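What follows is one structure encoded as structure tokens, with my remarks underneath.
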Amino acid sequence: MDRLFLLEDDKSLIDGLRYSLEKNGFRLTVARTVGEAREKLERTEDYDLLLLDVSLPDGTGFDVCRQVRAQDASIPIIFLTAADEETNVIRGLDGGGDDYITKPFRLGELCSRIRAQLRRSGRPQERERKELRSGGLFIDLLAGRAYMEDRMLELTAAEYRLLCLLVENEGRVLTRTQILDALWDGNGSFVDDNTLSVYVRRLREKLEEDPSAPAHLLTVRGRGYEWKGQRRG
């Protein structure tokens, strides 16, 4: 999942953006002040793209942009501006921004612009990680082992790869085609549609308290599968 950083002080807008961006497969970190943003952006390598509001209580997104550009010339930056005044647009782009979008904006357009900037940047979309955590599940990526509530799961190589894929995309529905494409390992080992159904069933038997009524590995009828870290209420 691409990691986005949002600097915005409007709580209602933050809530709406968090819901929509995460539904579109992005992971979001939020700061509501320039001071908070400066602290969280000490390591820009933790993010793939920045969304910066222009006007904040303690400064501007331009200030944050200058700080970021002093240490990272490649990370894409999109400004969120309340008015398409030419002076603001020019200031943002000349100050190191890559794009801007005027409020109010359509969320679909914002997602399209984000994806366009990510493609142009060529920044890696996956960071090297040592572990994955989701609810009671822990995956040790270095050792290639998975644990549910501290109980080690006995998984085949294909089951392990499928579990990692689902957890990496937590909260996002993956189609069967997307999963089948991802499980092709490049060495001629191909998982077909029927085999995928078997892997899903076996994972549920090993993960779920009640495999017939799964709480984590969910089937989304007509679409595919989704991983939920927390049990449904």
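Computed from backbone phi with θ = phi - 60° and the Karplus coefficients 6.51, -1.76 and 1.60, the 3J(HN,Hα) list for segment 90-98 is 4, 4, x, 5, 5, x, x, x, 9 Hz; x is used for glycine and proline.
Backbone phi angles across segment 112-119, fed through the Karplus curve with coefficients 6.51, -1.76 and 1.60 (θ = phi - 60°), yield HN-Hα couplings of 5, 5, 4, 5, 4, 5, 5, 5 Hz in residue order; Gly and Pro are listed as x. For residue 145, the residues whose modelled amide H falls within less than 5 Å of its own, excluding neighbours fewer than 5 places apart on the same chain, are 140.
Could you rank the peptides 131-137, 103-109 by their average count of other C-beta atoms within 10 Å per residue, with the highest value first? Walk me through the numbers before you get to the answer.
Details: 131-137: 15.0, 103-109: 10.9.
Per-residue Cβ counts within 10 Å, averaged per peptide and sorted highest first, yield 131-137, 103-109.
Residues whose amide H comes within less than 5 Å of that of residue 217, counting only those at least five positions distant or on another chain, are 228 (H built at 1.01 Å from N in the peptide plane). Accessible surface for the chain, divided over its residues, is 53 Å² per residue with a 1.4 Å probe. Per-residue Karplus couplings for segment 48-57, computed as 6.51 cos²θ - 1.76 cosθ + 1.60 with θ equal to phi - 60°, are listed in order as 9, 7, 10, 10, 10, 5, 7, 9, 10, x Hz, Gly and Pro entered as x. By DSSP, the beta bridges lying fully in the chain are antiparallel in about 50 percent of cases. Classification of segment 47-116 by its C-alpha gyration tensor yields an oblate form. The axis ratio a/c (a ≥ b ≥ c) is 1.5 or more, and b/c is at least a/b. In the chain, the portion of solvent-accessible area held by carbon and sulfur atoms comes to 46 percent [1.4 Å probe, whole percent, DNA, RNA and ligands not counted].
With a Cα cut-off of under 23 Å and a minimum spacing of 8 residues unless on different chains, the lysine pairs in the chain number 9. The order of the peptides 154-163, 50-59, 65-74 by mean Cβ neighbours within 10 Å, most packed first, is 50-59, 154-163, 65-74.
Under 5 Å from the amide H of residue 10 lies no amide H of any residue 5 or more positions distant or on a separate chain, with H modelled from the backbone and absent for Pro and chain starts. Dividing the summed -39500 (n - 2.57) terms of all DSSP H runs of n ≥ 4 by the residue count of the chain sets its mean residue ellipticity at 222 nm at -11500 deg cm²/dmol.
Given axes a ≥ b ≥ c from the Cα gyration tensor, I'd like to know whether segment 1-75 is rounded (a/c under 1.5), prolate (a/b larger than b/c) or oblate. Walk me through the numbers on the way to the answer.
Details: a/c = 2.26, a/b = 1.17, b/c = 1.92.
Since a/c reaches 1.5 but b/c is at least a/b, the shape of segment 1-75 is classed as oblate.
The values are calculated or read from the model by the stated rules, or taken from the named source; none is laboratory data. Predicted, not measured: the structure shown is a model, and the values here were computed from it. Every residue, glycine among them, receives a Cβ derived from its backbone with ideal geometry; neighbour counts consider all protein chains shown. Calculation scope for accessible area: heavy atoms of the full protein, side chains included, ligands and nucleic acids excluded. Shrake-Rupley method; radii C 1.70, N 1.55, O 1.52, S 1.80 Å.
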